[in-house]
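Data block below; observations after.
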Amino acid sequence: MPKPKKPEHMLQLLQHFIKHSNQIKQIQSLVTTSGCLLLTSQWINTLVYNTLIRAYLNIAQPQTTLTLFNHMLFHRAQPNSHTFPSLSKAASYFPPHLASYIGSNLHCQVLKRGVLGDPYVSTSFIGLYSHAGELGSARKVFDEIPKPCAVSYNAMLDACGKNGDMGLGLLMFSRMTYRDVYSWTSMIHGYMKNGCSEVAVKFFERMMVHEDVKCGLLKPNEATFVSILSSFTFLDMGVALYLGRQVHAYMLKNEELSVFMTTALISFYGKMGCLVYASKVFDAMVSKQVCAWNAMISSLALNGREKQALMMYEKMRARGLQPNEITFVAVLSACAHAKLVDFGFQLFEAISIEFGLVPKMEHYGCVVDLLGRAGLLQKAYDFIKKMPFEADATVLGALMGACRLHGALELGNEVAQLLLKSQPNHSGRYVQLSSIYAGAERWDHAAALRNAMLDAGIHKVPAQSFI
């Protein structure tokens, strides 16, 4: 029988293995072959479980992380303030409804153990409830913190942005005695994400003239630049391009451009229709990662350069880079615009068969758009029926747009009814169906639909021109 390792030696090994995620098997072996250790000291028992929980979280195995917590309770190891931040992060890997259920159970354990007063624990639960879509619960946890620090405030700002309550976010921001770059960036990103790009730009301008920025105590970081460049794309094109080039100049002067910053610039210039600038930024990159290739492929596809986009994809594959979900959205979109049905279907099948990825709603939407643009409307509708989940409004909207383009009255009417059930107050759906009726010279149906809009109090959003 092998001689048991001393507790001090085992702890040193655990600390070493925790830094090397690929050695997780050794951690398991170490614990199972040292049963005497688990009985010698309660605090060592807790430390071993905390180390394992953190190790499995580091290699993105949240289910195992939570299973270990159950084992921890079964073996009567006492969880402490170091246990629950890892568990709350593990719960955030799950869908919101499941994360909410797990979070409420973990919250009970936290209250039972009396560790909610620890700022790391409370802040981690703010993030968990934010992911679960329970902003009210996140606010309650925050309000129970006696003296919230900047990290706790930043967690609440992020929660407000994710859950669409920027009014509360602004209130929290105004209460902060100290604001770091994460505070400003959370507000900028929150406003951008919730369709208030002009406010996001004003916040960025307010940040750049702040005394801390002038004194060099505060400076925008990578996330700040990515968020503000995304915000610019929703503004008037002339204003957006002017501001974007100013930010680009500031980045070149004051920052070493990271991969994500250059990717944001490529995406920005692509959406502005400035492919020359996008190509210059892309070509200047020393190390081109998948995200940069994705941005360049999307930019080309967005500006009617579908063949160049597909060539860029082939070039990326020739470099030995593995495409991800975003890559396939961009490439399938290019196939849709170029009406390359066969090649598009080959790519869609390759997502799961060749690359081991799970197609998402966006990929199915691209295939429906591909078939719709090619005039294969019934095939597109059959494809929707065979989807492994219920099609959302974007997928059905793509088919309805194709029905309008090709004058398919009956199918368009059927798809419209599905859309109106899910979006009864969306004016665009009524307008699309009315246009289909008008295209088929069913003037009585078109007029009746317009009257139904008026009776329901639904008004068409007026169009605007940049000219």
TODO: Take the range 145-164 and flag every residue that is on the phi < 0 side of the Ramachandran plot and assigned to a loop (DSSP other than H, G, I, E, B).
DONE: I145, P146, K147, P148, C149, N163
Task: Hits in the range 90-114 (condition: among the small types (G, A, S), under 21 Å from E144 (Cα atoms) and touching a residue at least 12 places away in the same chain (Cβ under 8 Å)) - done: S100, G103
Open item on the list: For the structure I just gave you, tell me whether E362 is among the charged types (D, E, K, R), closer than 18 Å to G401 by Cα and at pLDDT 90 or above.
Closed with: yes
- [ ] List the number of the failed condition for M311; all other conditions in (1) in a helix (DSSP H, G or I); (2) open to solvent by 20 Å² or more (accessible area, probe 1.4 Å); (3) over 18 Å from I266 (Cβ atoms) hold.
- [x] (3)
Task: Answer residue from the range 196-250, given it is of a type in the set (V, I, T) and closer than 23 Å to M272 by Cα and is most open to solvent (accessible area, probe 1.4 Å) among those - done: V239
Task: Residue check for S298: within 24 Å of the chain's Cα centre (by Cα) and either surrounded by fewer than 21 Cβ atoms within 10 Å (Cβ to Cβ) or under 21 Å from M192 (Cβ atoms) (or both) - done: yes
- [ ] Any chance you could count how many residues in the range 103-135 are open to solvent by less than 10 Å² (accessible area, probe 1.4 Å) and not in a helix (DSSP H, G or I)?
- [x] 0
TODO: Scan L411, L371 and give me the residue that is outside any loop (DSSP other than H, G, I, E, B), over 22 Å from T327 (Cβ atoms) and open to solvent by less than 50 Å² (accessible area, probe 1.4 Å).
DONE: L411
TODO: Kindly list the number of the only condition in (1) of a type in the set (S, T, N, Q); (2) surrounded by 22 or more Cβ atoms within 10 Å (Cβ to Cβ); (3) outside any helix (DSSP H, G or I) that fails for S287.
DONE: (2)
Open item on the list: For the range 251-283, give me the residue count where each residue is free of Cβ contacts under 8 Å to residues at least 24 places away in the same chain, open to solvent by 90 Å² or more (accessible area, probe 1.4 Å) and in a helix (DSSP H, G or I).
Closed with: 5
Task: From E390, E349, E362, residue being in a helix (DSSP H, G or I), acidic (D, E) and within 22 Å of the chain's Cα centre (by Cα) - done: E362
Task: the range 367-400: number of residues that are under 16 Å from L411 (Cβ atoms) and hydroxyl-bearing (S, T, Y) - done: 1
TODO: Please tell me if R319 is among the charged types (D, E, K, R) and crowded, with 16+ Cβ neighbours inside 10 Å.
DONE: no
Open item on the list: Residue under question is F142, and the condition is that it be part of a helix (DSSP H, G or I), touching a helix residue (DSSP H, G or I) at 6+ places or on another chain (Cβ under 9 Å) and under 30 Å from L241 (Cα atoms); does it hold?
Closed with: no
Open item on the list: Just to be sure I understand the filter: pairs with C-beta atoms under 6 Å, separated by 6 or more residues or on different chains, first member in the range 163-187 and among the β-branched types (V, I, T), second member part of a helix (DSSP H, G or I) and open to solvent by 20 Å² or more (accessible area, probe 1.4 Å). Which pairs pass?
Closed with: T185/A223
Open item on the list: For D382, only one of the following conditions fails: (1) modelled with pLDDT of 85 or more; (2) within 13 Å of A336 (Cβ to Cβ); (3) of a type outside the set (A, V, I, L, M, F, W, C); (4) in a helix (DSSP H, G or I). What is its number?
Closed with: (2)
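The values are calculated or read from the model by the stated rules, or taken from the named source; none is laboratory data. Here the structure is a predicted model, which is why all the values come from computation and not from measurement. Because the Cβ atoms are built from the backbone with ideal geometry, glycine has one as well, and the counts that use them run over all protein chains shown. SASA here: full protein model, heavy atoms, side chains in, ligands and nucleic acids out. Shrake-Rupley method; radii C 1.70, N 1.55, O 1.52, S 1.80 Å.
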